[in-house]
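Chemist: Would you mind keeping the following structure in view while I ask a few things?
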Amino acid sequence: MHKKKRKMTLAAKNAVAGYLFILPFIIGFLLFMMVPLVQSFRMSFSEVNIAPTGGGFTMEFVKIAQYNKAINVDPQYKILLIENIRGMLLDLPATLIFSFFVALLLNQTFKGRGFVRAIFFMPVILSSGVIVGLEYNNAMLAGMKDVIQETSNSSSITTVLQDMLVTEGTQAGDFFGFIFDLIDHVYDIAIQSGIQIIIFLSGLQTISPSMFEAAKIEGCTAWECFWKITLPMVSSLILVNIIYTIIDYFCRSDNEVMEYISNITIGKLEYGLSSAMSWIYFVCCLVIIGIISLIISKKVYYYE
Amino acid sequence: MSKKTKKWQAFMERNRKSNGYLMRKTLFNIGYKICRAVLIFGLCFLIVQPLLNKISLSFMEEQDLYDSTIVSIPRHFTTSGYKLTAQLMKYWKALGTTTYISLLVSLFQVAAATFVGYGFARYKFPLKNFWFFMVILVIIIPPQTIMAPLYLNFTYFDPLGLVSLFTGKPINLINTMLPYLILCLGCMGLKSGLYIYLIRQFFRNVPKDIEEAAYVDGCGKFKTFYRIMLPDAKPIITSCFLFAFVWQWTDKFYSQMFLRKFTLLSISLSGLSDSLDTFLKNAGIAEQASMAYSSATVATGTLMTIIPLLIIYVFAQKGFVESLSQSGIKM
């Protein structure tokens, strides 16, 4: 008599196949993310000493001394961190509005649209990695040029306007100061919003034209169509874009905090301190993403 | 009577019948179009201007840089800047190495991401949501957080004590390409999480019937993936590959960490102004390059770095954009 071989059910087979497919990720994640993450967490509570004879490294538990050092002793870190978060909060709405506006423009039909699109997506390629960092040096040069121009007594309309509108202390003055700040780095915003434009554009293209037609027949103006149809339909993408923008801002290679941490890791070999710093940074980043997405996800409208 | 006046008359007639509404509307439309054209032109100029600026800087001789009457067109046209930059960056060697490494790395990254993305999109298995959350976590965690231990681990590479068992001491992998390639295969490379996400998004939208038809005809699971689904996913895979290639090309962070022994464009570009200083010092010309001169050299170097990317972009522009907007990004 043959013993009946027990066969796997279809669901079990699928589960095995699924796990086989995502195996690279699981191995990679456990080995190169989980292990280093735990290690870095441990390092952040200890003093790491590299053995001089190449025999590895030792860790000495020092409680929260590294965190203390990062926040209270290190002269630059805290300032950089706060500046960085402030900069992100300023950039976020500007990037979102800019990319949404451009996506709306690019979604319309006009001559040479393909060409214009190609130009707008160029920053995705040209402003990544090392090139963004170099762009800043150029900004410094441009700043020098400005100084030269100012001393040569030529004034433009915008500077006059700025002088008139920005008055320290008053609320309106602060507001205008904020606006001029944004205008000053509109180039940065344009450069970093390539992916966001693509995401918004893909969302706008999925809205069926029949919806607009129906609204138009009912007497909706373009303004009302925008608020009642376009905006709710892309609201889920706004959330995606917010998260993407925040992550992009925090992980960009020219980010000052990142550079600072890298310098401490590679340059000064203070692994414990740099781990503590990056943990603080990571937790800040996570908390901000959490809070913002919690607020926004309440307002998101899902069509399906 | 010419055709034009006839048309005009017909237009006026219709305008009269609509009590001037047609006229107002047409004028409004024309005004809107003009405003839009100006706006689009302005925004495009904003993006292209730095590039044009760099091009004009790169052709200037040093004395042109200090001349405030020269804005964009060089008076002393020269290509010596390119020659010097190429020499300082070891351009041709770096170009070759960068191409080779970028191709290899992006190939590994996208291959791994395709498998994983497919697995997440088409199969049901326990803890799937948990693992997918981990993918999102990988996207969110700044690589700096894990860099220090990762660096140390690869410097003293010794998994489970096996290596030191045979050779007596852990081996140093940091000066080879191996650590980075292993990372890429494990989906932990530069922006790997993003590629997994995008590819999963694409495979989710493929109708299930195709797959089922293949199964009914006796096609195995892997064969279905390889023969049926993969050819379908060409656009998104190409697009991820292009992004991986380009981002790897310009990446500084991972390259500095793992590929320091290689002459890469991104690394020599970021050290360009320093090497210019050393060059001038050794040649006995000056103690240090002036700010304008060094920034002009950096502009030339940047141009030389991105020219290959620009060429790729011109030819594969559709591949970058279209497939992304088709993949239907959703939360």
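The values are calculated or read from the model by the stated rules, or taken from the named source; none is laboratory data. Predicted model only: the values in this text are computed from it and were never measured. With ideal geometry, Cβ positions are generated from the backbone for all residues, glycine too; neighbour counts draw on all protein chains shown.
Chemist: Could you pull out the residue among A:Ser278, A:Ser293, A:Ser236, A:Ser297 that is at pLDDT below 90, at the interface with chain B (Cβ under 10 Å from one of its Cβ atoms) and closer than 24 Å to A:Ser128 by Cβ?
Modeler: Numbers: A:Ser293 fails: closer than 24 Å to A:Ser128 by Cβ; A:Ser236 fails: closer than 24 Å to A:Ser128 by Cβ; A:Ser297 fails: closer than 24 Å to A:Ser128 by Cβ.
The unique qualifying residue is A:Ser278.
Chemist: So if I check each of B:Arg16, B:Arg75, which one is more than 24 Å from A:Ile189 (Cα to Cα) and either touching a residue at least 60 places away in the same chain (Cβ under 8 Å) or assigned to a loop (DSSP other than H, G, I, E, B) (or both)? It would help to see each step written out before you state the result.
Modeler: On the way: B:Arg16 fails: either touching a residue at least 60 places away in the same chain (Cβ under 8 Å) or assigned to a loop (DSSP other than H, G, I, E, B) (or both).
Only one candidate qualifies: B:Arg75.
Chemist: Further, regarding this structure: Hey, among A:Asn241, A:Asn263, which residue is closer than 25 Å to B:Asp251 by Cβ and out of contact with any helix residue (DSSP H, G or I) (no Cβ under 7 Å at 6 or more places or on another chain)? Talk me through it step by step, then tell me what you get.
Modeler: On the way: A:Asn241 fails: out of contact with any helix residue (DSSP H, G or I) (no Cβ under 7 Å at 6 or more places or on another chain).
Result: A:Asn263 is the single residue among A:Asn241, A:Asn263 that is closer than 25 Å to B:Asp251 by Cβ and out of contact with any helix residue (DSSP H, G or I) (no Cβ under 7 Å at 6 or more places or on another chain).
Chemist: Looking for something within 8 Å of chain B (Cβ to nearest Cβ), more than 14 Å from the chain's Cα centre (by Cα) and either touching a residue at least 40 places away in the same chain (Cβ under 8 Å) or buried (at least 16 other Cβ atoms within 10 Å of the Cβ) (or both) - is there at least one such residue anywhere in the range A:250-261? Before you say what the answer is, go through the steps one by one.
Modeler: We begin by selecting, within the range A:250-261, every residue within 8 Å of chain B (Cβ to nearest Cβ); these are A:250-251, A:253, A:258, A:261.
Within this subset, residues satisfying the condition of being more than 14 Å from the chain's Cα centre (by Cα) are A:261.
Among the residues that remain, those that are also either touching a residue at least 40 places away in the same chain (Cβ under 8 Å) or buried (at least 16 other Cβ atoms within 10 Å of the Cβ) (or both) are: A:261.
Yes: one or more hits.
Chemist: Being touching a Lys or Arg at 6+ places or on another chain (Cβ under 9 Å) and over 20 Å from A:Asn107 (Cβ atoms): is that true of B:Ser2 here? Walk me through how you get there before you give the answer.
Modeler: Numbers: touching a Lys or Arg at 6+ places or on another chain (Cβ under 9 Å): no; over 20 Å from A:Asn107 (Cβ atoms): yes.
Here the answer is no, as B:Ser2 does not meet what is asked.
Chemist: Looking only at the range B:29-45, decide whether some residue is closer than 30 Å to A:Gln192 by Cβ, under 35 Å from the mean Cα position of the chain (by Cα) and part of a loop (DSSP other than H, G, I, E, B).
Modeler: In the first step, residues of the range B:29-45 are kept if they are closer than 30 Å to A:Gln192 by Cβ; the result is B:32-45.
Subset that is under 35 Å from the mean Cα position of the chain (by Cα): B:32-45.
Remaining after also requiring part of a loop (DSSP other than H, G, I, E, B): none.
For the range B:29-45, residues closer than 30 Å to A:Gln192 by Cβ, under 35 Å from the mean Cα position of the chain (by Cα) and part of a loop (DSSP other than H, G, I, E, B): absent.
Chemist: Quick check on this structure: which one of B:Ile34, B:Ile40 is among the hydrophobic types (A, V, I, L, M, F, W, C), within 12 Å of another protein chain (Cβ to nearest Cβ), within 25 Å of A:Ala103 (Cβ to Cβ) and in contact with a helix residue (DSSP H, G or I) (Cβ under 7 Å, 6 or more places away or on another chain)? Write out each step before concluding.
Modeler: Details: B:Ile34 fails: in contact with a helix residue (DSSP H, G or I) (Cβ under 7 Å, 6 or more places away or on another chain).
None of the other options fit; the residue is B:Ile40.
Chemist: Then there's this: Applying the selection to the range B:209-255, what residues are surrounded by fewer than 16 Cβ atoms within 10 Å (Cβ to Cβ), away from chain A (no Cβ under 13 Å) and under 28 Å from the mean Cα position of the chain (by Cα)?
Modeler: B:Pro231, B:Asp232, B:Lys234
Chemist: Has the range B:260-270 got any residue that is among the polar types (S, T, N, Q) and not in a helix (DSSP H, G or I)?
Modeler: Our first condition is that a residue be among the polar types (S, T, N, Q); within the range B:260-270, this holds for B:263, B:266, B:268, B:270.
After this cut, where a residue has to be not in a helix (DSSP H, G or I) as well, the list is B:263.
Yes, some residue in the range B:260-270 is among the polar types (S, T, N, Q) and not in a helix (DSSP H, G or I).
Chemist: What are the residues in the range B:34-60 that are loosely packed, with under 12 Cβ neighbours inside 10 Å and over 30 Å from B:Leu303 (Cβ atoms), if any?
Modeler: Narrowing the range B:34-60 to residues loosely packed, with under 12 Cβ neighbours inside 10 Å: B:34-35, B:38, B:41-42, B:45, B:52.
Correct list: B:Ile34, B:Cys35.
Chemist: Could you tell me which residue of the range A:101-150 is nearest to the other protein chains (Cβ to nearest Cβ), considering only residues that are surrounded by 13 or more Cβ atoms within 10 Å (Cβ to Cβ), assigned to a loop (DSSP other than H, G, I, E, B) and at pLDDT 70 or above?
Modeler: Per the criteria, the residue is A:Ser128.
Chemist: Taking A:Phe226 as the residue in question, decide whether it is touching a Ser or Thr at 6+ places or on another chain (Cβ under 7 Å) and surrounded by fewer than 21 Cβ atoms within 10 Å (Cβ to Cβ). Give the derivation first.
Modeler: Details: touching a Ser or Thr at 6+ places or on another chain (Cβ under 7 Å): no; surrounded by fewer than 21 Cβ atoms within 10 Å (Cβ to Cβ): yes.
Considered against the rule, which asks whether it is touching a Ser or Thr at 6+ places or on another chain (Cβ under 7 Å) and surrounded by fewer than 21 Cβ atoms within 10 Å (Cβ to Cβ), A:Phe226 comes out as no.
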